[in-house]
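Since the structure comes first, as C-alpha coordinates, the remarks are kept for the end.
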Amino acid sequence: MRMLFLLGWLLSAVSAVAQSQKSIDVAAFVSVEAPLFVLNHVRIIDGTSAAAKEDQAIVIANGKIQSIGPAASAQIPQGAQLLDRSGYTVIPGLVGMHDHLFYTDSISVQVSGGRIGEPGLFVAEIPYTAPRLYLAAGVTTMRTTGSLEPYTDLKVKRRIDADLMPGPSIDATAPYLEGAPTRFAQMHELTGPDDAKRMVDYWAAEGMTSYKAYMNITREELAVAIQQAHAHKLKLTGHLCSVTWPEAAALGIDDLEHGPVFADTEFVGDKQPDMCPAGGSSSWAKQEVNGAQVQELIHKLVSHHVAVTSTLPVFESGTPGRPKLQRRTLDAMSAESAQSYLTARANVPLDSPMPALLRKEMDFEVAFVKAGGLLLAGPDPTGNGGVLPGFGDQREIELLVESGLTPVEAIQIATQNGAVYLGQQDRIGTLSPGKQADLVVIKGDPSKSIDEIENVETVFKAGIGYDSKKLIDSVRGQVGIR
(Lines give C-alpha, C1' and ligand atoms only; values in the text may rest on other atoms or scores of the structure.)
Protein backbone atom coordinates (compact mmCIF):
# COMPACT_ATOMS: atom_id res chain seq x y z
CA MET A 1 0.00 0.00 0.00
CA ARG A 2 2.83 2.34 0.93
CA MET A 3 4.53 1.60 -2.39
CA LEU A 4 1.31 2.37 -4.30
CA PHE A 5 1.01 5.66 -2.42
CA LEU A 6 4.59 6.61 -3.25
CA LEU A 7 4.10 5.66 -6.90
CA GLY A 8 0.95 7.75 -7.10
CA TRP A 9 2.70 10.69 -5.46
CA LEU A 10 5.66 10.38 -7.84
CA LEU A 11 3.42 10.29 -10.92
CA SER A 12 1.54 13.36 -9.67
CA ALA A 13 4.80 15.19 -9.04
CA VAL A 14 6.15 14.31 -12.47
CA SER A 15 2.90 15.48 -14.07
CA ALA A 16 3.02 18.76 -12.16
CA VAL A 17 6.64 19.38 -13.18
CA ALA A 18 5.85 18.57 -16.81
CA GLN A 19 2.91 20.96 -16.72
CA SER A 20 5.01 23.77 -15.25
CA GLN A 21 7.69 23.15 -17.88
CA LYS A 22 5.12 23.35 -20.67
CA SER A 23 3.78 26.70 -19.50
CA ILE A 24 7.05 28.40 -18.52
CA ASP A 25 7.09 30.46 -21.74
CA VAL A 26 3.69 31.85 -20.77
CA ALA A 27 4.17 32.23 -17.02
CA ALA A 28 7.20 34.49 -17.51
CA PHE A 29 4.92 37.25 -18.86
CA VAL A 30 1.87 36.90 -16.62
CA SER A 31 1.46 39.88 -14.30
CA VAL A 32 -2.13 39.33 -13.12
CA GLU A 33 -3.58 35.87 -12.49
CA ALA A 34 -6.41 36.03 -10.00
CA PRO A 35 -9.79 34.29 -10.25
CA LEU A 36 -11.49 37.46 -9.02
CA PHE A 37 -10.21 41.02 -9.43
CA VAL A 38 -11.35 44.58 -10.03
CA LEU A 39 -9.89 47.21 -12.33
CA ASN A 40 -10.85 50.28 -10.35
CA HIS A 41 -11.07 53.99 -11.24
CA VAL A 42 -10.46 53.38 -14.95
CA ARG A 43 -11.71 55.20 -18.02
CA ILE A 44 -13.61 52.88 -20.37
CA ILE A 45 -13.84 52.96 -24.17
CA ASP A 46 -16.21 50.05 -24.72
CA GLY A 47 -15.69 49.42 -28.46
CA THR A 48 -19.18 50.51 -29.55
CA SER A 49 -18.10 54.06 -30.59
CA ALA A 50 -19.83 55.43 -27.47
CA ALA A 51 -18.09 58.24 -25.61
CA ALA A 52 -15.51 57.29 -23.00
CA LYS A 53 -16.83 56.78 -19.46
CA GLU A 54 -14.78 58.12 -16.56
CA ASP A 55 -13.99 56.59 -13.15
CA GLN A 56 -15.40 53.12 -13.73
CA ALA A 57 -14.89 49.77 -12.01
CA ILE A 58 -14.69 46.49 -13.94
CA VAL A 59 -15.26 43.31 -11.93
CA ILE A 60 -13.73 40.22 -13.57
CA ALA A 61 -14.27 36.65 -12.35
CA ASN A 62 -13.03 33.41 -13.88
CA GLY A 63 -11.99 35.09 -17.11
CA LYS A 64 -15.24 36.95 -17.76
CA ILE A 65 -16.53 40.46 -17.16
CA GLN A 66 -19.03 40.35 -14.30
CA SER A 67 -19.98 44.00 -14.06
CA ILE A 68 -19.04 47.51 -15.19
CA GLY A 69 -20.18 50.68 -13.48
CA PRO A 70 -19.20 53.86 -11.65
CA ALA A 71 -16.41 53.24 -9.15
CA ALA A 72 -18.20 55.30 -6.51
CA SER A 73 -21.11 52.86 -6.34
CA ALA A 74 -19.36 49.62 -7.30
CA GLN A 75 -19.94 46.54 -5.15
CA ILE A 76 -16.47 45.08 -4.64
CA PRO A 77 -16.77 41.32 -4.11
CA GLN A 78 -15.19 39.92 -0.98
CA GLY A 79 -11.75 38.49 -1.63
CA ALA A 80 -11.29 40.30 -4.94
CA GLN A 81 -7.84 41.61 -5.86
CA LEU A 82 -8.23 45.37 -6.20
CA LEU A 83 -6.16 47.02 -8.95
CA ASP A 84 -6.33 50.80 -8.82
CA ARG A 85 -5.63 52.17 -12.29
CA SER A 86 -6.46 55.85 -11.94
CA GLY A 87 -5.38 57.73 -15.07
CA TYR A 88 -5.61 54.58 -17.22
CA THR A 89 -8.02 53.66 -20.00
CA VAL A 90 -9.43 50.19 -20.69
CA ILE A 91 -10.43 49.20 -24.23
CA PRO A 92 -11.46 45.81 -25.66
CA GLY A 93 -8.72 43.53 -26.93
CA LEU A 94 -7.85 44.39 -30.53
CA VAL A 95 -9.06 42.05 -33.27
CA GLY A 96 -6.33 42.19 -35.90
CA MET A 97 -7.69 41.28 -39.31
CA HIS A 98 -4.54 41.36 -41.47
CA ASP A 99 -1.95 40.07 -39.01
CA HIS A 100 0.49 37.70 -40.67
CA LEU A 101 2.90 35.38 -38.88
CA PHE A 102 5.49 36.27 -41.53
CA TYR A 103 7.48 39.40 -42.35
CA THR A 104 9.47 40.78 -45.30
CA ASP A 105 12.81 40.82 -43.52
CA SER A 106 15.20 41.20 -46.47
CA ILE A 107 13.29 42.94 -49.21
CA SER A 108 16.10 45.28 -50.24
CA VAL A 109 18.50 42.35 -50.68
CA GLN A 110 16.07 40.22 -52.69
CA VAL A 111 14.97 42.99 -55.04
CA SER A 112 18.09 43.66 -57.08
CA GLY A 113 18.12 45.90 -60.12
CA GLY A 114 14.36 46.22 -59.91
CA ARG A 115 13.76 42.47 -60.29
CA ILE A 116 13.45 39.38 -58.11
CA GLY A 117 15.51 36.32 -58.99
CA GLU A 118 14.19 32.79 -59.25
CA PRO A 119 12.31 31.10 -57.69
CA GLY A 120 10.69 34.32 -56.45
CA LEU A 121 10.40 36.45 -53.34
CA PHE A 122 10.97 34.51 -50.13
CA VAL A 123 9.28 35.79 -46.96
CA ALA A 124 10.42 34.87 -43.44
CA GLU A 125 8.10 33.16 -40.97
CA ILE A 126 8.42 34.72 -37.49
CA PRO A 127 6.43 32.35 -35.25
CA TYR A 128 8.29 33.32 -32.07
CA THR A 129 8.37 37.12 -32.25
CA ALA A 130 5.08 37.86 -34.03
CA PRO A 131 2.66 36.37 -31.47
CA ARG A 132 4.49 38.11 -28.62
CA LEU A 133 4.42 41.50 -30.32
CA TYR A 134 0.78 41.18 -31.28
CA LEU A 135 -0.20 40.35 -27.71
CA ALA A 136 2.05 43.07 -26.27
CA ALA A 137 0.29 45.70 -28.39
CA GLY A 138 -3.16 44.62 -27.26
CA VAL A 139 -4.14 42.16 -30.01
CA THR A 140 -6.04 39.33 -28.31
CA THR A 141 -7.60 37.86 -31.47
CA MET A 142 -6.10 37.85 -34.96
CA ARG A 143 -6.62 36.51 -38.47
CA THR A 144 -3.44 35.46 -40.26
CA THR A 145 -4.95 36.49 -43.65
CA GLY A 146 -2.83 34.22 -45.80
CA SER A 147 -0.25 31.58 -44.92
CA LEU A 148 3.17 30.83 -46.39
CA GLU A 149 4.17 28.26 -43.77
CA PRO A 150 0.77 26.68 -43.00
CA TYR A 151 1.87 23.92 -40.67
CA THR A 152 3.87 26.40 -38.63
CA ASP A 153 0.84 28.69 -38.40
CA LEU A 154 -1.33 25.80 -37.24
CA LYS A 155 1.25 24.73 -34.68
CA VAL A 156 1.45 28.27 -33.29
CA LYS A 157 -2.35 28.43 -33.05
CA ARG A 158 -2.57 25.11 -31.23
CA ARG A 159 0.26 25.84 -28.82
CA ILE A 160 -1.23 29.21 -27.92
CA ASP A 161 -4.61 27.52 -27.37
CA ALA A 162 -2.88 24.97 -25.13
CA ASP A 163 -1.30 27.79 -23.08
CA LEU A 164 2.19 26.70 -24.10
CA MET A 165 3.21 30.01 -25.67
CA PRO A 166 1.96 33.61 -25.41
CA GLY A 167 -0.08 35.12 -28.19
CA PRO A 168 -3.55 36.02 -29.44
CA SER A 169 -6.32 33.59 -30.33
CA ILE A 170 -5.83 32.85 -34.03
CA ASP A 171 -8.17 32.52 -36.99
CA ALA A 172 -5.71 30.62 -39.18
CA THR A 173 -6.04 31.43 -42.88
CA ALA A 174 -5.09 28.71 -45.37
CA PRO A 175 -2.29 29.08 -47.95
CA TYR A 176 -3.00 31.66 -50.64
CA LEU A 177 -5.37 30.71 -53.44
CA GLU A 178 -3.14 32.16 -56.13
CA GLY A 179 -2.97 31.75 -59.89
CA ALA A 180 0.01 31.92 -62.22
CA PRO A 181 2.36 33.64 -62.41
CA THR A 182 3.07 34.48 -58.79
CA ARG A 183 6.10 36.46 -57.63
CA PHE A 184 6.31 34.53 -54.32
CA ALA A 185 8.49 31.43 -54.01
CA GLN A 186 6.31 29.91 -51.28
CA MET A 187 2.94 30.11 -53.07
CA HIS A 188 1.20 27.30 -54.94
CA GLU A 189 -0.13 28.26 -58.39
CA LEU A 190 -3.66 27.02 -59.05
CA THR A 191 -4.20 24.94 -62.16
CA GLY A 192 -7.95 25.50 -62.40
CA PRO A 193 -11.25 25.34 -60.52
CA ASP A 194 -10.81 21.70 -59.48
CA ASP A 195 -7.48 22.59 -57.91
CA ALA A 196 -9.10 25.49 -56.03
CA LYS A 197 -11.78 23.15 -54.64
CA ARG A 198 -9.14 20.60 -53.66
CA MET A 199 -7.16 23.21 -51.74
CA VAL A 200 -10.19 24.53 -49.88
CA ASP A 201 -11.25 21.02 -48.84
CA TYR A 202 -7.76 19.93 -47.88
CA TRP A 203 -6.98 22.89 -45.63
CA ALA A 204 -10.39 22.79 -43.97
CA ALA A 205 -9.60 19.20 -42.98
CA GLU A 206 -6.18 20.31 -41.69
CA GLY A 207 -7.76 22.87 -39.35
CA MET A 208 -7.60 26.18 -41.21
CA THR A 209 -10.56 28.43 -40.44
CA SER A 210 -10.52 31.00 -43.26
CA TYR A 211 -9.23 31.53 -46.81
CA LYS A 212 -7.59 34.22 -48.91
CA ALA A 213 -7.64 34.59 -52.69
CA TYR A 214 -4.69 36.34 -54.29
CA MET A 215 -3.77 38.50 -57.22
CA ASN A 216 -3.71 36.11 -60.16
CA ILE A 217 -6.70 33.90 -59.38
CA THR A 218 -9.32 33.59 -62.15
CA ARG A 219 -13.01 34.35 -61.74
CA GLU A 220 -13.89 30.68 -62.17
CA GLU A 221 -11.35 29.59 -59.56
CA LEU A 222 -12.53 32.30 -57.20
CA ALA A 223 -16.19 31.34 -57.63
CA VAL A 224 -15.48 27.71 -56.79
CA ALA A 225 -13.28 28.65 -53.82
CA ILE A 226 -15.96 30.93 -52.36
CA GLN A 227 -18.67 28.31 -52.84
CA GLN A 228 -16.57 25.59 -51.23
CA ALA A 229 -15.44 27.78 -48.33
CA HIS A 230 -19.06 28.63 -47.60
CA ALA A 231 -19.93 24.92 -47.76
CA HIS A 232 -17.50 24.49 -44.87
CA LYS A 233 -19.18 27.47 -43.14
CA LEU A 234 -15.93 29.44 -43.45
CA LYS A 235 -15.20 32.85 -44.98
CA LEU A 236 -12.95 33.96 -47.83
CA THR A 237 -11.23 37.29 -48.30
CA GLY A 238 -9.14 38.52 -51.20
CA HIS A 239 -6.24 40.70 -52.21
CA LEU A 240 -7.22 40.82 -55.85
CA CYS A 241 -5.98 42.16 -59.16
CA SER A 242 -7.00 39.78 -61.97
CA VAL A 243 -10.58 39.88 -60.63
CA THR A 244 -12.12 43.30 -60.02
CA TRP A 245 -13.92 44.24 -56.82
CA PRO A 246 -17.39 44.38 -58.44
CA GLU A 247 -16.79 40.94 -59.98
CA ALA A 248 -15.71 39.52 -56.60
CA ALA A 249 -18.70 41.06 -54.82
CA ALA A 250 -21.04 39.49 -57.36
CA LEU A 251 -19.39 36.10 -56.75
CA GLY A 252 -20.12 36.33 -53.01
CA ILE A 253 -16.71 37.16 -51.53
CA ASP A 254 -16.84 38.03 -47.81
CA ASP A 255 -14.06 40.60 -47.50
CA LEU A 256 -11.60 42.56 -49.65
CA GLU A 257 -8.13 43.50 -48.47
CA HIS A 258 -6.16 46.76 -48.51
CA GLY A 259 -8.82 49.07 -49.90
CA PRO A 260 -9.60 49.61 -53.59
CA VAL A 261 -7.03 52.29 -54.39
CA PHE A 262 -4.29 49.66 -54.11
CA ALA A 263 -6.19 46.51 -55.13
CA ASP A 264 -9.20 47.19 -57.38
CA THR A 265 -8.51 47.15 -61.12
CA GLU A 266 -12.01 47.91 -62.46
CA PHE A 267 -10.99 51.33 -63.80
CA VAL A 268 -7.95 50.16 -65.79
CA GLY A 269 -8.72 51.06 -69.40
CA ASP A 270 -7.39 47.94 -71.13
CA LYS A 271 -8.24 45.48 -68.35
CA GLN A 272 -8.49 41.94 -69.74
CA PRO A 273 -10.66 39.28 -68.06
CA ASP A 274 -8.79 37.17 -65.48
CA MET A 275 -5.56 39.10 -66.05
CA CYS A 276 -3.75 41.25 -63.49
CA PRO A 277 -2.95 44.54 -65.26
CA ALA A 278 -0.35 47.15 -64.43
CA GLY A 279 -1.51 50.54 -63.28
CA GLY A 280 -4.39 49.70 -60.96
CA SER A 281 -3.49 52.47 -58.52
CA SER A 282 -2.85 55.01 -61.26
CA SER A 283 -6.35 54.34 -62.61
CA TRP A 284 -7.73 55.15 -59.16
CA ALA A 285 -5.77 58.41 -59.09
CA LYS A 286 -8.26 59.72 -61.66
CA GLN A 287 -11.32 58.80 -59.59
CA GLU A 288 -13.13 61.03 -57.12
CA VAL A 289 -14.35 59.37 -53.93
CA ASN A 290 -17.55 61.41 -54.11
CA GLY A 291 -17.95 60.65 -57.81
CA ALA A 292 -20.67 58.42 -59.21
CA GLN A 293 -18.43 55.44 -60.03
CA VAL A 294 -16.80 55.17 -56.61
CA GLN A 295 -20.11 55.74 -54.85
CA GLU A 296 -21.60 52.96 -56.96
CA LEU A 297 -18.79 50.64 -55.80
CA ILE A 298 -19.40 51.56 -52.15
CA HIS A 299 -23.12 50.88 -52.58
CA LYS A 300 -22.38 47.51 -54.20
CA LEU A 301 -20.05 46.48 -51.37
CA VAL A 302 -22.49 47.52 -48.66
CA SER A 303 -25.50 45.91 -50.33
CA HIS A 304 -23.58 42.65 -50.84
CA HIS A 305 -22.32 42.73 -47.22
CA VAL A 306 -18.68 42.71 -48.31
CA ALA A 307 -16.27 43.92 -45.63
CA VAL A 308 -13.13 45.91 -46.44
CA THR A 309 -9.89 45.52 -44.49
CA SER A 310 -7.88 48.70 -43.99
CA THR A 311 -4.09 48.20 -43.99
CA LEU A 312 -2.87 51.79 -44.04
CA PRO A 313 0.49 51.20 -42.29
CA VAL A 314 1.91 49.05 -45.09
CA PHE A 315 1.25 51.86 -47.59
CA GLU A 316 2.48 54.58 -45.26
CA SER A 317 5.83 52.78 -44.96
CA GLY A 318 6.48 53.35 -48.68
CA THR A 319 5.21 56.92 -48.79
CA PRO A 320 7.70 59.81 -48.75
CA GLY A 321 7.27 62.54 -46.18
CA ARG A 322 5.71 60.33 -43.52
CA PRO A 323 7.06 60.14 -39.93
CA LYS A 324 10.26 58.22 -39.36
CA LEU A 325 10.10 54.71 -37.92
CA GLN A 326 9.88 54.68 -34.13
CA ARG A 327 12.86 53.68 -32.06
CA ARG A 328 10.91 50.82 -30.46
CA THR A 329 10.30 49.35 -33.92
CA LEU A 330 13.94 49.53 -34.99
CA ASP A 331 14.99 48.07 -31.63
CA ALA A 332 12.75 45.05 -32.16
CA MET A 333 14.18 44.31 -35.63
CA SER A 334 17.24 42.21 -36.22
CA ALA A 335 20.19 44.24 -37.47
CA GLU A 336 19.78 42.79 -40.96
CA SER A 337 16.05 43.53 -41.07
CA ALA A 338 16.58 47.11 -39.90
CA GLN A 339 19.26 47.66 -42.54
CA SER A 340 17.02 46.18 -45.24
CA TYR A 341 14.16 48.48 -44.26
CA LEU A 342 16.34 51.61 -44.09
CA THR A 343 17.81 50.82 -47.51
CA ALA A 344 14.39 50.24 -49.05
CA ARG A 345 13.03 53.39 -47.44
CA ALA A 346 15.90 55.46 -48.78
CA ASN A 347 15.06 54.24 -52.28
CA VAL A 348 11.51 55.64 -52.18
CA PRO A 349 11.45 58.47 -54.75
CA LEU A 350 10.49 61.88 -53.42
CA ASP A 351 8.16 62.44 -56.38
CA SER A 352 6.26 59.21 -55.68
CA PRO A 353 2.48 59.36 -56.26
CA MET A 354 1.97 57.57 -52.94
CA PRO A 355 1.05 60.61 -50.79
CA ALA A 356 -1.99 61.37 -52.95
CA LEU A 357 -2.94 57.70 -53.25
CA LEU A 358 -2.68 57.16 -49.49
CA ARG A 359 -4.89 60.18 -48.89
CA LYS A 360 -7.43 58.90 -51.43
CA GLU A 361 -7.49 55.49 -49.74
CA MET A 362 -8.11 57.20 -46.39
CA ASP A 363 -10.99 59.19 -47.90
CA PHE A 364 -12.51 56.04 -49.40
CA GLU A 365 -12.41 54.22 -46.07
CA VAL A 366 -14.14 57.07 -44.26
CA ALA A 367 -16.81 57.22 -46.98
CA PHE A 368 -17.27 53.44 -46.77
CA VAL A 369 -17.80 53.62 -42.99
CA LYS A 370 -20.22 56.54 -43.28
CA ALA A 371 -22.22 54.54 -45.87
CA GLY A 372 -22.65 51.68 -43.39
CA GLY A 373 -19.81 49.45 -44.61
CA LEU A 374 -18.01 47.05 -42.28
CA LEU A 375 -14.41 48.30 -42.16
CA LEU A 376 -11.84 46.01 -40.53
CA ALA A 377 -8.30 46.83 -39.41
CA GLY A 378 -4.85 45.28 -39.69
CA PRO A 379 -1.29 46.41 -40.45
CA ASP A 380 0.03 43.80 -42.98
CA PRO A 381 3.67 43.39 -41.87
CA THR A 382 5.08 43.13 -45.40
CA GLY A 383 5.97 45.85 -47.92
CA ASN A 384 9.43 47.31 -47.36
CA GLY A 385 9.70 45.86 -43.85
CA GLY A 386 8.71 48.99 -41.97
CA VAL A 387 5.58 47.50 -40.41
CA LEU A 388 5.90 45.13 -37.46
CA PRO A 389 3.30 42.92 -35.81
CA GLY A 390 1.49 44.68 -32.95
CA PHE A 391 3.09 48.08 -33.37
CA GLY A 392 1.48 48.14 -36.81
CA ASP A 393 -1.94 47.37 -35.33
CA GLN A 394 -1.63 50.43 -33.11
CA ARG A 395 -0.43 52.55 -36.03
CA GLU A 396 -3.44 51.42 -38.07
CA ILE A 397 -5.77 52.91 -35.44
CA GLU A 398 -3.80 56.17 -35.45
CA LEU A 399 -4.03 56.37 -39.25
CA LEU A 400 -7.78 55.76 -39.18
CA VAL A 401 -8.03 58.85 -36.97
CA GLU A 402 -5.81 60.78 -39.38
CA SER A 403 -8.22 59.65 -42.12
CA GLY A 404 -11.05 61.54 -40.46
CA LEU A 405 -12.66 59.12 -38.00
CA THR A 406 -12.91 59.87 -34.30
CA PRO A 407 -10.70 57.92 -31.87
CA VAL A 408 -13.64 55.94 -30.52
CA GLU A 409 -14.77 55.12 -34.09
CA ALA A 410 -11.26 53.92 -34.96
CA ILE A 411 -11.13 51.76 -31.83
CA GLN A 412 -14.53 50.28 -32.71
CA ILE A 413 -13.22 49.31 -36.16
CA ALA A 414 -10.20 47.59 -34.57
CA THR A 415 -12.29 45.74 -31.96
CA GLN A 416 -16.03 45.29 -32.44
CA ASN A 417 -15.97 45.19 -36.26
CA GLY A 418 -13.44 42.38 -36.35
CA ALA A 419 -15.47 40.41 -33.82
CA VAL A 420 -18.62 40.91 -35.92
CA TYR A 421 -16.89 39.67 -39.06
CA LEU A 422 -15.59 36.59 -37.24
CA GLY A 423 -19.04 35.91 -35.78
CA GLN A 424 -17.67 36.28 -32.26
CA GLN A 425 -19.40 39.51 -31.23
CA ASP A 426 -21.29 37.75 -28.44
CA ARG A 427 -17.98 36.79 -26.84
CA ILE A 428 -15.38 39.46 -27.65
CA GLY A 429 -14.99 42.89 -29.30
CA THR A 430 -16.75 45.11 -26.76
CA LEU A 431 -16.74 45.57 -23.00
CA SER A 432 -19.96 44.38 -21.37
CA PRO A 433 -20.96 41.93 -18.61
CA GLY A 434 -20.85 38.30 -19.66
CA LYS A 435 -18.15 38.72 -22.28
CA GLN A 436 -14.68 37.25 -22.17
CA ALA A 437 -12.26 39.50 -20.32
CA ASP A 438 -10.13 40.41 -23.36
CA LEU A 439 -9.09 43.98 -22.65
CA VAL A 440 -6.17 46.37 -22.83
CA VAL A 441 -5.04 48.67 -20.01
CA ILE A 442 -3.52 51.87 -21.44
CA LYS A 443 -1.85 54.73 -19.61
CA GLY A 444 -3.54 57.96 -20.69
CA ASP A 445 -6.63 58.77 -22.71
CA PRO A 446 -6.62 57.65 -26.37
CA SER A 447 -10.11 59.13 -26.83
CA LYS A 448 -8.40 62.53 -26.73
CA SER A 449 -4.86 61.69 -27.93
CA ILE A 450 -4.96 58.62 -30.13
CA ASP A 451 -1.18 58.15 -30.01
CA GLU A 452 -1.63 57.12 -26.37
CA ILE A 453 -2.99 53.85 -27.76
CA GLU A 454 0.69 52.85 -27.73
CA ASN A 455 1.01 53.19 -23.92
CA VAL A 456 -0.06 49.63 -23.15
CA GLU A 457 0.70 48.40 -19.64
CA THR A 458 -1.24 45.14 -19.37
CA VAL A 459 -3.13 43.02 -21.89
CA PHE A 460 -5.79 40.72 -20.50
CA LYS A 461 -6.72 37.63 -22.50
CA ALA A 462 -9.56 35.62 -20.94
CA GLY A 463 -8.84 37.37 -17.65
CA ILE A 464 -5.10 36.63 -17.54
CA GLY A 465 -2.96 39.78 -17.53
CA TYR A 466 0.24 39.90 -19.59
CA ASP A 467 3.02 42.43 -19.10
CA SER A 468 3.41 44.33 -22.37
CA LYS A 469 6.93 45.61 -21.68
CA LYS A 470 8.26 42.15 -20.83
CA LEU A 471 6.83 40.73 -24.05
CA ILE A 472 8.43 43.49 -26.12
CA ASP A 473 11.77 43.15 -24.32
CA SER A 474 11.78 39.40 -25.01
CA VAL A 475 11.94 39.92 -28.79
CA ARG A 476 14.40 42.80 -28.93
CA GLY A 477 16.67 42.48 -31.98
CA GLN A 478 14.97 39.27 -33.13
CA VAL A 479 12.17 40.22 -35.56
CA GLY A 480 13.21 38.78 -38.89
CA ILE A 481 15.23 35.99 -37.30
CA ARG A 482 12.57 33.88 -35.60
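A compact table of results
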{"quantity": "Cross-chain or 6+ apart pairs with Cβ under 8 Å, the range 374-391 first and aromatic (Phe, Trp, Tyr), then surrounded by 24 or more Cβ atoms within 10 Å (Cβ to Cβ)", "calculated": "PHE391/LEU133; PHE391/ALA137; PHE391/ALA332; PHE391/PRO379"}
{"quantity": "Qualifying position, being touching a residue at least 60 places away in the same chain (Cβ under 8 Å) and within 25 Å of THR104 (Cβ to Cβ), among GLN394, GLN424", "calculated": "GLN394"}
{"quantity": "Filtered residues of the range 434-457 (kept if under 19 Å from the mean Cα position of the chain (by Cα) and under 17 Å from ALA28 (Cα atoms))", "calculated": "none"}
{"quantity": "Pair list, Cβ under 8 Å, 6 or more apart: the range 340-359 residue under 18 Å from SER281 (Cβ atoms), other residue among the aromatic types (Phe, Trp, Tyr) and in a helix (DSSP H, G or I)", "calculated": "MET354/PHE315; LEU357/PHE262; LEU357/TRP284; LEU357/PHE315; LEU358/PHE315"}
{"quantity": "Filter pass, ARG43 being buried (at least 16 other Cβ atoms within 10 Å of the Cβ), under 16 Å from VAL459 (Cβ atoms) and either modelled with pLDDT of 95 or more or hydrophobic (A, V, I, L, M, F, W, C) (or both)", "calculated": "no"}
{"quantity": "Of all residues making up the range 159-168, the number that are on the phi > 0 side of the Ramachandran plot and touching a residue at least 60 places away in the same chain (Cβ under 8 Å)", "calculated": "1"}
{"quantity": "Unmet criterion (only one of (1) surrounded by 13 or more Cβ atoms within 10 Å (Cβ to Cβ); (2) free of Cβ contacts under 8 Å to residues at least 60 places away in the same chain; (3) under 23 Å from GLY463 (Cα atoms)) for THR48", "calculated": "(2)"}
{"quantity": "Within the range 392-410, tally of residues that are farther than 20 Å from ALA51 by Cβ, of a type in the set (A, V, I, L, M, F, W, C) and surrounded by fewer than 24 Cβ atoms within 10 Å (Cβ to Cβ)", "calculated": "0"}
{"quantity": "Qualifying residues in the range 306-338 (those that are among the hydrophobic types (A, V, I, L, M, F, W, C) and under 17 Å from the mean Cα position of the chain (by Cα)) - the one nearest to ARG395 (Cα to Cα)", "calculated": "LEU312"}
{"quantity": "Some residue of the range 99-113 being loosely packed, with under 15 Cβ neighbours inside 10 Å, within 28 Å of the chain's Cα centre (by Cα), at positive phi and of a type outside the set (Val, Ile, Thr)", "calculated": "no"}
{"quantity": "Qualifying positions in the range 79-118 - modelled with pLDDT under 90 and not charged (D, E, K, R)", "calculated": "SER106, ILE107, SER108, VAL109, GLN110, VAL111, SER112, GLY113, GLY114, ILE116, GLY117"}
{"quantity": "Count - residues of the range 189-220 that are closer than 30 Å to LEU135 by Cα, free of Cβ contacts under 8 Å to residues at least 60 places away in the same chain and in contact with a strand residue (DSSP E or B) (Cβ under 8 Å, 6 or more places away or on another chain)", "calculated": "5"}
{"quantity": "Residue satisfying all of: in the range 236-295; β-branched (Val, Ile, Thr) and under 28 Å from the mean Cα position of the chain (by Cα); farthest from PHE315 (Cα to Cα) among these", "calculated": "ILE253"}
{"quantity": "Residues (over 25 Å from ALA185 (Cβ atoms) and either in contact (Cβ under 8 Å) with a residue 60 or more places away in the chain or surrounded by 24 or more Cβ atoms within 10 Å (Cβ to Cβ) (or both)) located in the range 135-158", "calculated": "LEU135, ALA136, ALA137, GLY138, VAL139, THR140, THR141"}
{"quantity": "Evaluation of SER403 against (1) of a type in the set (Gly, Ala, Ser); (2) touching a Lys or Arg at 6+ places or on another chain (Cβ under 8 Å); (3) more than 27 Å from LEU82 (Cβ to Cβ) (one fails), failing number", "calculated": "(2)"}
{"quantity": "Among (1) surrounded by fewer than 20 Cβ atoms within 10 Å (Cβ to Cβ); (2) in contact (Cβ under 8 Å) with a residue 12 or more places away in the chain; (3) not polar (S, T, N, Q), the one test that TYR466 misses", "calculated": "(1)"}
{"quantity": "Any hit, the range 220-239, residues being touching a Ser or Thr at 6+ places or on another chain (Cβ under 8 Å) and within 14 Å of MET275 (Cα to Cα)", "calculated": "no"}
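Let's see how each residue does on (1) in contact with an Asp or Glu (Cβ under 8 Å, 6 or more places away or on another chain); (2) free of Cβ contacts under 8 Å to residues at least 60 places away in the same chain:
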| residue | (1), (2) |
| --- | --- |
| LEU36 | no, yes |
| ARG43 | yes, no |
| ASP55 | no, yes |
| HIS100 | yes, no |
| THR104 | no, no |
| GLN110 | no, yes |
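The values are calculated or read from the model by the stated rules, or taken from the named source; none is laboratory data. Note that the structure is predicted; figures quoted are calculated from it, not measured. FYI the Cβ positions are ideal-geometry reconstructions off the backbone, even for glycines, and counts take in every protein chain you see.
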